[in-house]
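Worksheet: one structure, shown below.
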Amino acid sequence: MSYAISTLWHERARFFPGVLAVAFSALLIALQCGLLLGLFSITSIPIDESDADIWVAHPEVPSVDLGRPIPEAWASYLAMPEVVRVEPYMEGFGYWDKPTGGMELCLVIGSRLGPGAMGPVRQLTAEHRALLAQPGAIVVDEAEMGRLGISKVGDYTEIVGKQVRVVGTVRGLRSLAGPYVFCSLETARSILRPPPDQTTFLLVRCRSKEDIPTVVERLKKYDRKLMAMAAEDFSVRSRWHWLTKTKAGIALGLAAILGLMVGAVVTYQTLRSATVASLKEYAVLRALGIPRRHVIGLVVGQSFWVGLAGIAISIPLIHSLAIVGNIGAKVLLPWWLWTAAISITMTVAMLSGLLALRTLRHVEPVTLLR
Amino acid sequence: MYYDGSRTEPTLRAWGLCKSFGTGEMRTEALRDVGIELYPGQFSLLMGPSGSGKSTLLAVLSGLLHPDSGRVLAHDQDLWAMTERQREEFRLRHCGFIFQGYNLFPALTARQQLEMVLRWGKGYSASEARRRADQMLSTLGLAKKGDLRPMQLSGGEKQRVAIGRALIKDPTFLFADEPTAALDWKHGEQVVELLRAAAHDAGATILVVAHDARMVPYADRVFHLDDGVLAEGVERPMAMFADSRDVAAFGAI
Ligand SMILES: Nc1ncnc2c1ncn2[C@@H]1O[C@H](COP(=O)(O)OP(=O)(O)OP(=O)(O)O)[C@@H](O)[C@H]1O
Ligand SMILES: [Mg+2]
């Protein structure tokens, strides 16, 4: 190994493109995936930014924004000591009448607003909640105002023919599909007009976090037509649904593979040229009877250190680019993404090294005698 | 200690060696029924015009190139009856090589070039390999150059490192193909002295391909190869040194 490191250091100009290629691959994978994760984390905002421990829904609900009506009476299943609070949660798409003309599909989200309520997103202040208690009062994201054709707080418009008034705005809650419209449970009911005694979700708060799995398991046994999921699981389900449904996952996969291929080719070329440059030296070692495995070890060692150096360079780059990226978008870099990006690029670097080993077939000591 | 050829068994015996390259019009007979016996402690020169087959003979005798026919017995083992693996092992135990180019790893220090052979070839520990490498470097007059890389060494110094790499595992055979070709005579002479010492002091069997007739006085034996035919002694000096540089050199003796 020490000879590999010495070689890498003293011929760094030669190895630099390979190191850079590895760094580029890691960067591309991490940022591509991070950006996509960030993008699709938007779909689970209503779950992630609210306070429920468990979401009870219709079993065919693939994502939080695609809720279906369920009987409010299911709340009776939740009469158990581990459950401290249950509340209904109304949600559905509706056409927003743009005052400037035209329509826009929006996602109406109505929840309880009182003290200790689980449904409202954190961004709704006490003031917002007080204002939302008025019938027809709504809050939207500041950044969606243009899309919704409104210019200021206090503007009136209609959703599915029901008059609403914007009483405040929030930040950072832009959505992927229709803009979110936050309101009280009653306002949502009046807009969405569900069948009587129906709701979209039931939100559950448990006595403690440890009770969540117990309660979920028990609910599953009650009724097979019921879906109960811990908030985190429902969040993952929602993101996964959109990731796969929109085929963005495929686009991501292709982009990542492309990046990997570029990385692999450059790394391979680098290691190959380094190996070719030393073929005569290797041939001397072979003439002296040094077993082949040591030379193989040297080349593989070089690819290992090229990989490691590339990853070392990529880590601060990924960090800083993620920060830059977060200004305009959202980049999520969970630990498993780091692990995956690092191990995939490392594997590619090592494979490139193994491929470069093929050039060692040209090591013929006799060619040194001419 | 001087090994007298008449009282010792040869360490290397070869006979009936033939090797040709190409077919038909392109066919070259590089070796024609060559036989040779080499003794331990002898520094032998192999001379001859360009293209006469010197490198080919060296390769066949050292187990690097399969002859078309003939046998090579090294330490009474039939080199070309061995498997590739056995031949490799034989070279590891017994053979040192010096080639025309220095063929040193550009990124490694002089010491590392030598250590590498001991650590990889003999499985020596890092400290033992280092000790022996330093010892070899001072024998070669390179005691202060251990930490330098090939780029920082002169041609003569590089060739001495290459010689050190060939000698460090105490080979019983040392094969050198024009080791002084790239050096001026002052440095070439140093190299010849080193090789001669390796033969006379360590009892190695040394065969050196050379063009330069100034080396002849240093040699115990001189072989001459002409168009694939081997003869001992400098029988036809003027015919042997085909180019003018060599003729001049020969005249200087
Ligand atoms: N691999 C090969 N393929 C074809 N011909 C070869 C090959 N190796 C050597 N020869 C031929 O065999 C002959 C002897 O070559 P060799 O290299 O042994 O000569 P040499 O005596 O070492 O010459 P020089 O002093 O120029 O190094 C030459 O005519 C050369 O062209
Ligand atoms: Mg030659």
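The values are calculated or read from the model by the stated rules, or taken from the named source; none is laboratory data. Quick caveat: nothing in here was measured; it's all calculated off a predicted structure. Because the Cβ atoms are built from the backbone with ideal geometry, glycine has one as well, and the counts that use them run over all protein chains shown. Areas reflect the complete protein model, heavy atoms only, side chains present, ligands, DNA and RNA absent. Shrake-Rupley method; radii C 1.70, N 1.55, O 1.52, S 1.80 Å.
Kindly list the number of the only condition in (1) out of contact with any helix residue (DSSP H, G or I) (no Cβ under 7 Å at 6 or more places or on another chain); (2) surrounded by fewer than 20 Cβ atoms within 10 Å (Cβ to Cβ) that fails for A:Trp74.
Exception for A:Trp74: condition (2).
Between a first residue in the range A:357-370 that is over 16 Å from A:Pro291 (Cα atoms) and at pLDDT below 90 and a second residue that is within 14 Å of ligand 2 (Cβ to nearest atom) and in a helix (DSSP H, G or I), which pairs have beta carbons less than 8 Å apart while being 6 or more apart in sequence or on different chains?
Correct list of pairs: A:Leu369/B:Ser55; A:Leu369/B:Thr56; A:Leu369/B:Leu58; A:Leu369/B:Ala59; A:Arg370/B:Ser55.
Which one is farthest from A:Ala349 (Cα to Cα), of the residues in the range A:288-310 that are away from every other protein chain (no Cβ under 13 Å) and open to solvent by less than 30 Å² (accessible area, probe 1.4 Å)?
For the range A:288-310, the residue satisfying everything is A:Gly310.
Filter the range B:93-106 down to the residues that are surrounded by fewer than 20 Cβ atoms within 10 Å (Cβ to Cβ) and under 23 Å from A:Thr275 (Cβ atoms) and list them by number.
B:Gln100, B:Gly101, B:Pro106
Look at the range B:53-73 and say how many of its residues are assigned to a loop (DSSP other than H, G, I, E, B) and either under 15 Å from B:Val208 (Cβ atoms) or away from every other protein chain (no Cβ under 14 Å) (or both).
2
Any residue at all in the range B:63-74 that is in contact with an Asp or Glu (Cβ under 6 Å, 6 or more places away or on another chain), open to solvent by less than 30 Å² (accessible area, probe 1.4 Å) and at positive phi?
no
Conditions: (1) open to solvent by 60 Å² or more (accessible area, probe 1.4 Å); (2) within 16 Å of ligand 1 (Cβ to nearest atom); (3) more than 9 Å from every other protein chain (Cβ to nearest Cβ); (4) not hydrophobic (A, V, I, L, M, F, W, C). B:Arg131 meets all but one. Number of the miss?
All conditions pass for B:Arg131, except number (2).
If the requirement is being of a type in the set (D, E, K, R), closer than 30 Å to B:Met151 by Cα and away from ligand 1 (no atom under 16 Å from the Cβ), which of these qualifies: B:Arg91, B:Arg71, B:Arg85?
Answer to the selection: B:Arg91.
When residues of the range A:86-101 are filtered for being open to solvent by 70 Å² or more (accessible area, probe 1.4 Å) and out of contact with any Leu (no Cβ under 8 Å at 6 or more places or on another chain), how many remain?
Here the count works out to 2.
Taking only the range A:143-190 into account, find how many residues are part of a strand (DSSP E or B) and closer than 28 Å to A:Leu36 by Cα.
5
Got a sec? Which of B:Glu9, B:Glu25 is away from ligand 2 (no atom under 16 Å from the Cβ), among the charged types (D, E, K, R) and assigned to a loop (DSSP other than H, G, I, E, B)?
B:Glu9 is the lone residue from the list that is away from ligand 2 (no atom under 16 Å from the Cβ), among the charged types (D, E, K, R) and assigned to a loop (DSSP other than H, G, I, E, B).
Kindly check whether there is at least one residue in the range A:346-360 that is in the same structural domain as A:Leu37 (by TED's automatic domain parsing), crowded, with 17+ Cβ neighbours inside 10 Å and polar (S, T, N, Q).
There is at least one residue in the range A:346-360 that is in the same structural domain as A:Leu37 (by TED's automatic domain parsing), crowded, with 17+ Cβ neighbours inside 10 Å and polar (S, T, N, Q).
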